[in-house]
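Peer 1: What follows is a structure written as structure tokens; I'll ask about it next.
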Protein chains: 2
Amino acid sequence: MTIGIVGLGLIGGSFAKAYSDNDEHKVLAYNRSKEVIQAAYNDKAIDGELNEGNIKDCDLILLCLYPQLCIDYLTKMAPYICKDAMVIDCCGTKELICQSCYPIAKQYGFTFIGGHPMAGRHFSGYAYSTKTMYNGASMVLVPEDLNDTKSIERAKKLLSPIHFGKFTICDYDRHDAMIAFTSQMAHVVSNAYVKSPTAKNHDGFSAGSYKDLTRVAWLNETMWTELFLENKKHLIKELDYFITALQEYKTAMENDDAETLKKLLADGKHCKEEIDGITGE
Amino acid sequence: MTIGIVGLGLIGGSFAKAYSDNDEHKVLAYNRSKEVIQAAYNDKAIDGELNEGNIKDCDLILLCLYPQLCIDYLTKMAPYICKDAMVIDCCGTKELICQSCYPIAKQYGFTFIGGHPMAGRHFSGYAYSTKTMYNGASMVLVPEDLNDTKSIERAKKLLSPIHFGKFTICDYDRHDAMIAFTSQMAHVVSNAYVKSPTAKNHDGFSAGSYKDLTRVAWLNETMWTELFLENKKHLIKELDYFITALQEYKTAMENDDAETLKKLLADGKHCKEEIDGITGE
């Protein structure tokens, strides 16, 4: 297969390394910085640069830029893409990109499916990409028609060299609602948690729970700002649920109301148990 | 040494196993349930039961019950404790227990130091205790007089068979303020996080951040209710800081204010970086 990868950051770089690990596949990549292209050549992660002339050869094109840049790229390159090709983006939110790209694909006759690989690392950039980053991870696919099994099966086949552990198929609204909860809220909460004036000098007073709660506090603020604003409908709803829940514990403590506090804690315990089982895995 | 251990749960059981691992030490234990005493005998974790008759032989007595039960026990047993003995509790908050136990110790001539081992496990109870649970962990010591180096050094020596990695010495107010942030808030936040109606069916949409954020959501609600109410002065303050911080992100999103949102995220990132370094360890 010939794979076009647009953007050689952590996400695109990891796809490039995974596909090029298998000699059967040819990887063509676009990246603004030529230094990264050179690094990818040195790593034998790419076979050439992706451009208007050769994008027609791609069986699969993976858009691995920030959302608006993906849309801009596809808008510009759509006339050159082969009708048999499949285009999948890898952005963290899906409504904007799907609403923008489904019609472009329809107009030019190729297939677009929204995608979101559930894997990442603390740091961004090609330098941190690895060929195994997606091994066993979940890949969310967002086709325009959930019953379009032909396209879904083709996407799975095109992605099979990546060794995802699981594919989750859903529409963009469900994706964005779920991701607001599982990922975006985790970043907001962690980022807010460390702002307490008490945070300094916690050394000697903390065990695993502080470490876990604040692991994702250090983040790429430019990327998350774009993703949060795109998904603000769902994220604001999650923040409301969460702040309301926190205020209930606070009120119970202010009232010295042990019975209510214990019930609130038991409620959360039972939610966790029901969702993930007792061990929380 | 002869060590008295009051309460053979996760905390006391782990102390018993660690001390009894060394034949030089004799471990006497008190526990309400006789089944646990029998299990500890079977494990060779204890050499006998602790009672009014033999508590006078103890060089060190570790109180490993819930706070109020520790105070009740010490109040009842104080007349039988040797003047040379040191008593250390292991409760998660220190103001109530220290304010209650310092005067009891003074009245009967023995030494009381507040203690809090910074280690634990997901589950409570003797069955989960291990002789290595405290290896390398931090132990907080709360002496009545921070300049009482003689008692502090003696406590360290008495605890040396446990192989703590570090001792942190502070007064009870500092302990309780820090622990409200590092541990208690982490449990409230995690417990509240999973209450979102979106939480169900997150499978396929979550990577490491959801897992980390909700690891301690499953908790012992009876124990934490007592600890939270005892420490509500500090914990309510932390909840206020946190809710205020969360509302700032929410307002920025509601206003589509990318500049402010990015600044809020960068602020949190810089806090984390300053406190724990970029890698967050």
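Peer 1: Over region A:175-276, what is the relative contact order in whole percent, taking alpha-carbon pairs under 8 Å and six or more residues apart? Intermediate values should be presented prior to the final figure.
Peer 2: Values: 44 pairs, mean separation 32.4, N = 102.
Computed value for region A:175-276: 32 percent relative contact order.
Peer 1: Calculate the mean, over all residues of peptide B:231-240, of how many other protein chain Cβ atoms lie within 10 angstrom of the residue's Cβ.
Peer 2: Taking the mean over all residues of the peptide, I get 4.
Peer 1: Determine the alpha carbon to alpha carbon distance for each of B:K166/B:K211; A:K272/B:K94; B:K150/B:K233; A:K26/A:K56 and list only those over 23 Å. If you can, show how the numbers build up before the last one.
Peer 2: Working: B:K166/B:K211 28 Å; A:K272/B:K94 29 Å; B:K150/B:K233 32 Å; A:K26/A:K56 13 Å.
Check vs 23 Å cut-off fails for B:K166/B:K211; A:K272/B:K94; B:K150/B:K233.
Peer 1: To continue, here is another question. Under a cut-off of 14 Å between alpha-carbon atoms, report the aspartates and glutamates in cross-link reach of A:K76, not counting same-chain residues fewer than 8 places apart.
Peer 2: Answer for A:K76, where 14 Å is the Cα cut-off: A:E52, listed by chain and number.
Peer 1: Next up: How long, wide and thick is chain B, going by the Cα atoms along their three principal axes, in whole angstroms, largest first?
Peer 2: That works out to 71, 42, 31 Å along the principal axes.
Peer 1: Using a 7 Å offset from Cα along the direction of the beta-carbon, what are the separations from A:K76 to the same position in each other copy, nm, ascending?
Peer 2: So the distances to the same position in the other copies read 7.9 nm.
Peer 1: If you split all Cα-Cα distances of the protein assembly as shown into 20 Å bins from zero, what percentages do you get per bin, shortest first?
Peer 2: Per 20 Å bin, starting at 0, the Cα pair percentages come out as 20, 43, 26, 11, 1.
Peer 1: Shifting gears a bit: Given label points at 7 Å from Cα along Cα→Cβ, what nm distances, shortest first, separate A:T130 from the same residue in every other copy?
Peer 2: Once sorted, the set of distances for A:T130 reads 2.4 nm.
Peer 1: Which residues in region B:205-246 place their backbone N less than 19 Å from a point set 7 Å from the Cα of B:T130 along the Cα-to-Cβ direction?
Peer 2: Under 19 Å, as judged by backbone N against the label point of B:T130, lie B:215-216 of region B:205-246.
Peer 1: Along the Cα→Cβ direction, 7 angstrom out, place labels at B:K83 and B:S33. What is the inter-label distance in nm?
Peer 2: Placing both labels 7 Å along Cα→Cβ, they lie 4.0 nm apart.
Peer 1: Over region A:14-129, what is the relative contact order in whole percent, taking alpha-carbon pairs under 8 Å and six or more residues apart?
Peer 2: On the way: 152 pairs, mean separation 24.3, N = 116.
Normalised by residue count, the contact order of region A:14-129 is 21 percent.
Peer 1: Using only the alpha-carbon atoms of region A:1-70 as identical scatterers, what base-10 log of I(q)/I(0) does the Debye formula give at q = 0.11, 0.13 Å⁻¹?
Peer 2: Values returned for q = 0.11, 0.13 Å⁻¹ are -0.20, -0.29.
Peer 1: Continuing with this model, one more query. Magnitude of the Cβ-charge dipole of chain A, K/R +1 and D/E -1, about the Cα centre, nearest 20 debye? Display every interim value, and only then the final one.
Peer 2: Working: 30 positive and 38 negative charges, 98 e Å.
Dipole size: approximately 480 debye.
Peer 1: Okay, next question. Taking every alpha carbon pair in region A:11-125, what does the distance histogram look like in 5 angstrom bins from 0, in percent?
Peer 2: 2, 11, 22, 24, 22, 13, 5, 1
Peer 1: Tally Lys/Arg at +1 and Asp/Glu at -1 over every other residue whose Cβ is under 10 Å from the Cβ of B:E230; what's the total?
Peer 2: 0
Peer 1: Which loop-located chymotrypsin sites (Phe, Trp or Tyr not before Pro) does region A:83-153 contain, where loop means any DSSP state but H, G, I, E or B and the Cβ has at most 16 other Cβ atoms within 10 Å? Show your work: numbers first, answer last.
Peer 2: Values: sites: A:Y108, A:F110, A:F112, A:F123, A:Y126, A:Y128, A:Y134; in loops: A:F110, A:F123, A:Y134.
Passing both the DSSP loop test and the Cβ count: A:F123.
Peer 1: Here is a further query. Give me the three principal axis extents of region B:175-276 from the C-alpha atoms, as integers in angstrom, largest value leading.
Peer 2: 42, 35, 26
Peer 1: Helix-derived [θ] at 222 nm for chain A: sum -39500 (n - 2.57) over DSSP H runs of at least 4, divide by residue count, nearest 500?
Peer 2: Numbers: 11 runs with 131 residues, N = 281.
My calculation for chain A gives -14500 deg cm²/dmol from helical runs alone.
Peer 1: Sticking with this one: Taking each residue in A:174-186, count the Cβ atoms of any other chain within 10 Å of its Cβ, then average. What number comes out?
Peer 2: Working: counts 2, 2, 0, 3, 9, 5, 3, 11, 14, 8, 1, 7, 10.
Rounded to a whole number, the mean comes out at 6.
Peer 1: Now for a separate question. Taking amide H atoms as placed 1.01 Å from N in the peptide plane, list the residues 5 or more away in sequence, or in a different chain, whose amide H sits under 5 Å from that of A:I5.
Peer 2: Those lying under 5 Å, H to H, from A:I5 are A:L28, A:A29, A:Y30, A:L62.
Peer 1: May I pose another question? Please give every one of the aspartates and glutamates within straight-line cross-link reach of A:K106, meaning a C-alpha to C-alpha distance under 18 Å, and leave out same-chain neighbours fewer than 8 residues apart.
Peer 2: A:D59, A:D72, A:D84, A:D89, A:E95, A:E144, A:D145, A:D148, A:D171
Peer 1: If you fit an axis through the alpha-carbon atoms of helix A:221-230 and take the longest principal axis of the Cα set of chain A, what angle between them do you get, 0 to 90°, nearest 10?
Peer 2: Relative to chain A, helix A:221-230 is tipped by roughly 90 degrees.
Peer 1: Name the nearest-to-axis residue of chain A, judged by Cβ distance to the rotation axis taking chain A onto chain B, and quote that distance in whole Å.
Peer 2: Per the Cβ-to-axis criterion, the result reads A:D212, 2.
Peer 1: Taking the Cα atoms only, what angle lies between the long axis of helix A:149-159 and the longest principal axis of chain A, rounded to 10 degrees?
Peer 2: Helix A:149-159 sits at roughly 90 degrees to that axis.
Peer 1: What percent of all Cα-Cα pairs in region A:48-187 falls into each 5 Å bin, going from 0 up to the bin containing the maximum distance?
Peer 2: With a bin width of 5 Å, the distribution comes to 2, 10, 19, 23, 22, 15, 7, 2, 0.
Peer 1: Okay, moving on. Relative to the other copies, what are the label-point distances for A:R32, with labels 7 Å from Cα along the C-beta vector, expressed in nm at one decimal and sorted shortest first?
Peer 2: The projected label point of A:R32 is separated from its counterparts by 6.4 nm.
Peer 1: Just want to confirm a number: the relative contact order over chain A, from Cα pairs under 8 angstrom separated by 6+ residues, in percent. Mind showing how you got there, number by number?
Peer 2: On the way: 435 pairs, mean separation 42.1, N = 281.
Over chain A, the number comes to 15 percent.
No lab work stands behind these numbers, since they all come straight from the coordinates. Source: prediction; values computed, not measured. Reconstructed Cβ throughout: ideal geometry from the backbone, glycine too, with neighbour counts over all protein chains shown.
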